[in-house]
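Step one of this worksheet: look at the structure below.
The values are calculated or read from the model by the stated rules, or taken from the named source; none is laboratory data. What you see is a predicted model; the values in this text were computed from it and never measured. Here the Cβ positions follow ideal geometry from the backbone for every residue, glycine too, while neighbour counts run over all protein chains shown.
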Amino acid sequence: MVVGLILSYIAVFIIVGLMIAFLAFTGYIYWNRRKYAHIPCVPMPSFYFGHMKLFNKAIHGEDDLCIDALMFEWYKKTGSLVYCMHVLHVSIVIILEPKALKAIMLDKRNPKPPEFHVFLRNLFGQRLMGRGLLTEPNNEEWHKRRVILNKAFHRRFLKDFMDPFNASTELFLDKLSEKADGKTPISMVEHLNRVTLDVISKVAFDLDLGIIEDENSFFNQTVLIAFEAALEGSSMSSKSWNSSYKEEVRRAIRTIRETGRECLSKRIDEMNSGKEVQEDILTYIIKSSQEVKGDDREKMEVMIDEFILFFFAGQETTANLLSFTVLVLGQHPKILKRLREEVKTVVGDRVNITFDDINRLEYMNLVLKETLRLWGPASGIARKVTYDCNIAGYKIPAGTICQFNGYAMARIEEYFQNAEKFDPERFKREEDMTPHTYFPFSFGPKSCIGQQFAMIEARLVLSKFLQRFKFELVPGQKFTVIQKITLKPKEGCMVYLTAK
């Protein structure tokens, strides 16, 4: 009887404790959102979860709305360049005002929101990007490493890698030729992902993983599993609660990290023995590790973090840019014709495209920039402001996460004339564009370190593709997008190819 009474008291205490915790959480959410009550906001499906349901639907491409498209829809619904989004206890202010973007992004006092990188640093209990450049919380340490790694992306070094760029692309085109019968549907997203992963492997890390030759490449699938799992984790989807799925993701991450460890260890041994090594990204990752605080073990882990970051960023974004470009060219035959003429004039039938050739492809550069304007693979950038500020008449309190969305800003008529129209030559007309509304490679001191690398690779791959093939889009596919961390064509950019 005494035991029963004690258990009853314990049960009461637990229930009361849970009720107090629930009320405290409710109060915290209310208090936090009250700070933003003066800022426009679309209706929330749930008090506790906020906009999470709408956010998750967009993540999984329901209603043909990706996250970026949802941000643009909310701008149209609120009619405001500043509006709020709430997810559980976190409030985010979306800002589509160019002057505010410049002020906040250039102010070094405003850090990247750590909340945005939780699932990139560590995913399902497994270290992913840890303290790589993208996720490094210490600004001073980030700056020291960034200065060293910048050298790997200098034009002088990029010029030296044109041969492996050309070789990987030729291998890619030869593989495509096997299906270029004019009637076999080909997913350009799938194939372009393989060539960009092959390029980053060889050019950055001197690794030949046989990714193009083997369509079912284990390593390619492993990278995709780990990359997409970060989104599943951040959205707290049902998949992210599945124990077998989480273990599959952890195995994938361990495989990539072990590949990086072996690659780095081999290069370190070569450098220590006095052997002459390539001045590639791998070498500069090792050099930058001298600025990492911690013992040798932690320095190695940070080097692996950088290895994974460059693998992910160097593959996914460029492949998606090229996929969107092929899609839009298939819809604009006049632009495609002019682009083919430029490639014929500049490159002709030569197999090896030079660095000078790349720089002479001016119209192609405009086409790629316009593609990035409308469908930039990574169009959202954010900072946590460390001071109270006033934006478009709204007070933004210190500690607020401010997010800027390039996809939405690209579609606002006040910023771009005929904003929805695909017009590459708008980049030659300054009056057509408002400053600080175009930032496909982020903005400010923490902009993408590999943007030159990406644009060189994109021009080279696209030039060779247009040299070798004629293509047409498979009829019936929608020009819809989906967000798997980065923006990509939802239906895979399906084409019919024929050899020229």
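Please enumerate the residues belonging to region 259-282 that are assigned to a helix (DSSP H, G or I), surrounded by fewer than 19 Cβ atoms within 10 Å (Cβ to Cβ) and in contact with a helix residue (DSSP H, G or I) (Cβ under 9 Å, 6 or more places away or on another chain). Once the filter is applied, which keeps residues that are assigned to a helix (DSSP H, G or I), surrounded by fewer than 19 Cβ atoms within 10 Å (Cβ to Cβ) and in contact with a helix residue (DSSP H, G or I) (Cβ under 9 Å, 6 or more places away or on another chain), region 259-282 yields R261, S265, I268, M271.
Residue-wise test of (1) touching a helix residue (DSSP H, G or I) at 6+ places or on another chain (Cβ under 7 Å); (2) in a helix (DSSP H, G or I).
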position: C84; (1), (2): no, no
position: S91; (1), (2): yes, no
position: I94; (1), (2): yes, no
position: R109; (1), (2): no, no
position: R131; (1), (2): yes, no
position: A152; (1), (2): yes, yes
position: R156; (1), (2): no, yes
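If you go through region 124-174 and keep only what is among the acidic types (D, E) and either touching a Phe, Trp or Tyr at 6+ places or on another chain (Cβ under 6 Å) or buried (at least 19 other Cβ atoms within 10 Å of the Cβ) (or both), you end up with just E136. Of all residues in region 232-258, those being part of a helix (DSSP H, G or I), modelled with pLDDT under 85 and touching a helix residue (DSSP H, G or I) at 6+ places or on another chain (Cβ under 6 Å) number 5.
Taken as a whole, region 1-24 holds at least one residue that is at pLDDT below 80, part of a loop (DSSP other than H, G, I, E, B) and more than 22 Å from G233 (Cα to Cα).
Applying the condition of being within 26 Å of K446 (Cβ to Cβ), in contact with an Asp or Glu (Cβ under 9 Å, 6 or more places away or on another chain) and of a type in the set (S, T, Y) to region 338-386 and asking which residue is modelled with the lowest pLDDT yields S379. So E316 fits all but one of (1) without any contact (Cβ under 8 Å) to a residue 12 or more places away in the chain; (2) touching a strand residue (DSSP E or B) at 6+ places or on another chain (Cβ under 6 Å); what number is the exception? Among (1) without any contact (Cβ under 8 Å) to a residue 12 or more places away in the chain; (2) touching a strand residue (DSSP E or B) at 6+ places or on another chain (Cβ under 6 Å), E316 violates only (1). Kindly establish whether T184 is among the polar types (S, T, N, Q), modelled with pLDDT under 90 and not in a helix (DSSP H, G or I). Answer is no for this residue. The residues of region 24-44 that are without any contact (Cβ under 8 Å) to a residue 40 or more places away in the chain and either surrounded by 13 or more Cβ atoms within 10 Å (Cβ to Cβ) or closer than 25 Å to A398 by Cβ (or both), listed by number, are A24, T26, G27, Y30, W31, R34, A37. Take K464 and tell me if it is touching a residue at least 40 places away in the same chain (Cβ under 8 Å), surrounded by 19 or more Cβ atoms within 10 Å (Cβ to Cβ) and not β-branched (V, I, T). Judged against the criteria, K464 is a match.
The single condition among (1) in contact with a Ser or Thr (Cβ under 6 Å, 6 or more places away or on another chain); (2) among the aliphatic types (A, V, I, L, M); (3) more than 29 Å from A167 (Cα to Cα) that A392 does not satisfy is (1).
Can we say D388 is touching a Pro at 6+ places or on another chain (Cβ under 7 Å) and surrounded by fewer than 17 Cβ atoms within 10 Å (Cβ to Cβ)?
So D388 passes the test.
Please pick out the residue among L466, L460 that is under 24 Å from the mean Cα position of the chain (by Cα) and under 27 Å from V495 (Cα atoms). Being under 24 Å from the mean Cα position of the chain (by Cα) and under 27 Å from V495 (Cα atoms) holds for just one of L466, L460, which is L460. Selection of region 467-490 for residues being in a strand (DSSP E or B) and without any contact (Cβ under 8 Å) to a residue 60 or more places away in the chain yields only K470.
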